[in-house]
1. Run a plain Debye calculation on segment 13-69 (Cα atoms as equal point scatterers, no solvent) and give log10 I(q)/I(0) at q = 0.13, 0.16, 0.26, 0.31 Å⁻¹, rounded to two decimals, same order as the q list.
2. So what is the relative contact order for segment 161-249, in percent, with contacts set as C-alpha pairs under 8 Å and at least six apart?
3. Considering the convex hull of the alpha carbon atoms of segment 9-113, report its projected area averaged over all viewing directions, in nm², one decimal.
4. State, to one decimal in nm, how far the label point of SER164 lies from the label point of THR50, with both points 7 Å from Cα in the Cβ direction.
5. Just to verify a number: FRET efficiency for ILE6 and ALA86, C-beta to C-beta distance, R0 = 25 Å, to 0.05?
6. Taking 28 Å as the cut-off for C-alpha to C-alpha distance, list the pairs among LYS40/LYS83; LYS197/LYS219; LYS40/LYS197; LYS126/LYS219; LYS140/LYS219 that go past it.
7. Modelled label-to-label distance, GLU27 and LYS140, 7 Å Cα→beta-carbon offset: nm?
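Rule-based calculations on the coordinates, nothing more; no lab input. As the structure is a prediction and not an experimental result, all values here were calculated from the model. Cβ atoms come from the backbone with ideal geometry, glycine included; neighbour counts cover every protein chain shown.
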Amino acid sequence: MLPTDIIIPRDATLLEIRDSYGPLSEEVRCGLEGCRTPHKRGFIVSFGDTSGVASGVGIVGHVCGQNAFGTNWLEAEQAYDAKVRAAEMDAARERFLVRSGRILPELRAALPRLKLHYIARRVLEKNAAFVMKTCVEAVKSSHGRIGIYRGGQHRILHRLEGESFWTTGNNALPRATELDVEATSFQEYLRSPNVTKKEAERRLGNLTDIEHRWGLVSKAMQAAESALQPSHLGKVFEAVDQVIRSTPHWHPPGLEPGDEWQLNVRLRGTVLEIRARDVQSGSTRETWIPAVDLVLQPLGASRVSEGPDFQPDLESLSKPPVQGPEGNESAGDAGERPMDVDRSPESSSGFG
Ligand SMILES: [Zn+2]
């Protein structure tokens, strides 16, 4: 393959560096007449006679070129580096277009579901904060088991699936949106006539991990999907309810015993409802307002219903907060133990 048998005369002119080779497992002799030393790495060059007429292609060791050709070599090396960079850039751009062409349609198809997940989680965080904390705690400390320990017997009431939904931040939607915007605008940019290499390189640098970023989103989506199944959530509510009933002295952190702290959220079939209170002519009226239908409809058929006399701010709920991708963890930072979650016999105290 390498033109190892070509000798480059001492008075040859350098025309172009065409390629590089090595490191080789076995050294090959330098093509320069004045060198002929075995090298493991070097360049394939085209050279000419004294008047610059092309006369052949040979190999030059990686440090010999400058000795033999001086500034001509440096210029040729710069030109070669630029050529290599441009080729790498083209390849990277092609890879990006292929990958984004595959990922973006999937991502866009997932956005409506991500939005519903997002709203559902926000509703739960706002209106059933301690349930969320219980779930987070259960996932962190007891492999997702919510249970009670009573009369010397431990009973698991429920085991949470979709663990990462409860423990990682609720940032799949902002992440997906950001990725969509970034990748789409870059695709457009690459198709526009005024692409500059520098800008393309910069943007490409931000998108080399497009697969990884989409992977994080789909993982969070899968977890949310299983955590937000109505049957799953129903069991969670039931488990929390049972734990609460079996520990009458327990109350949510931040509240005093006797304070009212019922859940402000419930499931009606597949619909997550928020409790709202109106004070009308001196009497308090309590209404349940549907907030999110957890039967996550496929693309385009998502239903986000609002009650007649209550306007939960779903629009703002569904808007990703403007902050860093890791900044939206509101349920995961529960410092205290919110309730008896799968408490082991050794640590069990205060009830039973
Ligand atoms: Zn050499």
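1. Log10 of I(q)/I(0), two decimals: -0.29, -0.43, -1.04, -1.32.
2. Numbers: 39 pairs, mean separation 46.8, N = 89.
The value is 53 percent.
3. The directionally averaged projection comes out at 9.4 nm².
4. Going from the SER164 label point to the THR50 one covers 7.1 nm.
5. About 0.35, to the nearest 0.05.
6. Too far apart for the 28 Å limit: LYS197/LYS219; LYS40/LYS197.
7. Spacing of the two 7 Å Cα→Cβ label points: 6.1 nm.
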